[in-house]
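A quick write-up on the structure given underneath.
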Amino acid sequence: MAFIYGKISWLAFNLGILVGFFTISLLLNSVIHSFRIQAPVAIHTWKKIEDMSLLKKIPHTHQSGSSKVSDDLSEKVRILCWIMTSPKNLDTKAIHLKHSWTRHCNVALFMSSTTNNSFPTIGLGTKEGRDQLYWKTIRAFQYVHKNYFDQADWFFKADDDTYVVVENLRLMLSNYTSDQPVFFGKRFKPFIKQGYMSGGAGYVLSKEALNRFVEGFHIGVCQHTTSTEDVAIGRCMEKMGVLAGDSRDTEKRETFHPFPPQSHLTGVFDKSFWYWAYCFHPIVEGPQCCSDLAISFHYISPRIMYTLEYFVYHLRAYGYEYRYQPAVPEAAERLPVYYKGKPATEVITMTTNETGSL
């Protein structure tokens, strides 16, 4: 009997060795294989790419003949996007925005503490750190107002880990005119009577709102009293008579989001979580949380940045009629079309006066 038990133990021991050997082999093979698989050129950091021109060859997401409606709207609702970044984030975060969603903006600028001519970034002369966020925001908007005021109608600020569907932003804004003193984003309610917009989800100022923001600092109504950027922006907006707009879609679903898609779609926010106390509008959890024409998501990694770019501009369900297809607002038809920075009607008038004909 002892002999039999010994034999079984010996077999079990050897079987365990074999199982362990094959398990380790599979694991090592998986690890080795993962190192052999090279990430697409788009998600390499720019300093590690031998030829930077390779990144520039990543095709634009719009395919020929497939974007006439959005292209037409981009001539009426001109958006300048400026991205708040830092020198250490250029090769890990900002580069991926540069080669993904910011290409859909009419103008895209990267704002940092120091100038980098090769990226390029605009140096604001500030220090780095969370306590410098509002200084960077103030100086960025002042820079844009001074140098780009006539090149856009709306001025959008985003972090370097925010993903934005610019076409959806244009659609939302097309129901307004840039001479209205208004700004939009994910609306929070503490601290300020009319609320303020989440910094991480991004927010957009009309031309008149930008004008009033800059004027507020010029006359001393707005000052740097806190480093909490989004609250400070909201406080200045309220003092200068700029309204906090409602960015929800016609079904009352949110379009700006301070977290990644999965957090809103499948996550459950604990009742003690600060988000419940901050949201201006009621929180909806699950698939109905977010508009089909969502505008932004925050805390997006570079790989997810390109994944979202694919989902937004390429993935389609063949033969499926989309459930939510709001028409372009009637107000958009009355917006001027711009040509080389001037309203097309003005260009036509100038041309006619000069030549007598078109």
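The values are calculated or read from the model by the stated rules, or taken from the named source; none is laboratory data. Since this is a predicted model, take the numbers as computed values, not measurements. Please note: Cβ atoms are built from the backbone with ideal geometry, for glycine as well, and neighbour counts cover all protein chains shown. Heavy atoms of the whole protein, side chains included, go into the accessibility calculation; ligands, DNA and RNA do not. Shrake-Rupley method; radii C 1.70, N 1.55, O 1.52, S 1.80 Å.
Scoring CYS289 on the criteria (1) more than 19 Å from LYS189 (Cα to Cα); (2) within 19 Å of the chain's Cα centre (by Cα) leaves a single failure, condition (1).
Residues checked against (1) modelled with pLDDT of 95 or more; (2) under 23 Å from LEU315 (Cβ atoms); (3) open to solvent by 30 Å² or more (accessible area, probe 1.4 Å):
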{"residue": "ILE37", "(1), (2), (3)": "no, yes, yes"}
{"residue": "LYS47", "(1), (2), (3)": "no, no, yes"}
{"residue": "LYS56", "(1), (2), (3)": "no, no, yes"}
{"residue": "TRP82", "(1), (2), (3)": "yes, no, no"}
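Annotation: of all residues in the range 98-150 being assigned to a strand (DSSP E or B) and in contact with a Ser or Thr (Cβ under 8 Å, 6 or more places away or on another chain), the one that is farthest from MET305 (Cα to Cα) is GLY123.
Considering every residue within the range 156-168, establish whether at least one is within 22 Å of PHE256 (Cα to Cα), among the small types (Gly, Ala, Ser), assigned to a loop (DSSP other than H, G, I, E, B) and in contact (Cβ under 8 Å) with a residue 24 or more places away in the chain.
The answer is no, given that none of the residues of the range 156-168 is within 22 Å of PHE256 (Cα to Cα), among the small types (Gly, Ala, Ser), assigned to a loop (DSSP other than H, G, I, E, B) and in contact (Cβ under 8 Å) with a residue 24 or more places away in the chain.
Just for the range 58-68: of the residues that are surrounded by 11 or more Cβ atoms within 10 Å (Cβ to Cβ) and over 16 Å from CYS105 (Cβ atoms), which one is modelled with the lowest pLDDT? That would be ILE58. Looking only at residues in the range 269-282 that are without any contact (Cβ under 8 Å) to a residue 40 or more places away in the chain and within 19 Å of ILE192 (Cα to Cα), the one that is surrounded by the most Cβ atoms within 10 Å (Cβ to Cβ) is TYR275. Out of all the residues in the range 114-135, is one or more within 26 Å of ARG303 (Cβ to Cβ), open to solvent by 10 Å² or more (accessible area, probe 1.4 Å) and free of Cβ contacts under 8 Å to residues at least 12 places away in the same chain? Yes, because at least one residue in the range 114-135 is within 26 Å of ARG303 (Cβ to Cβ), open to solvent by 10 Å² or more (accessible area, probe 1.4 Å) and free of Cβ contacts under 8 Å to residues at least 12 places away in the same chain. For the range 304-323, the condition holds for no residue, the condition being that it is assigned to a loop (DSSP other than H, G, I, E, B), surrounded by 15 or more Cβ atoms within 10 Å (Cβ to Cβ) and modelled with pLDDT of 90 or more.
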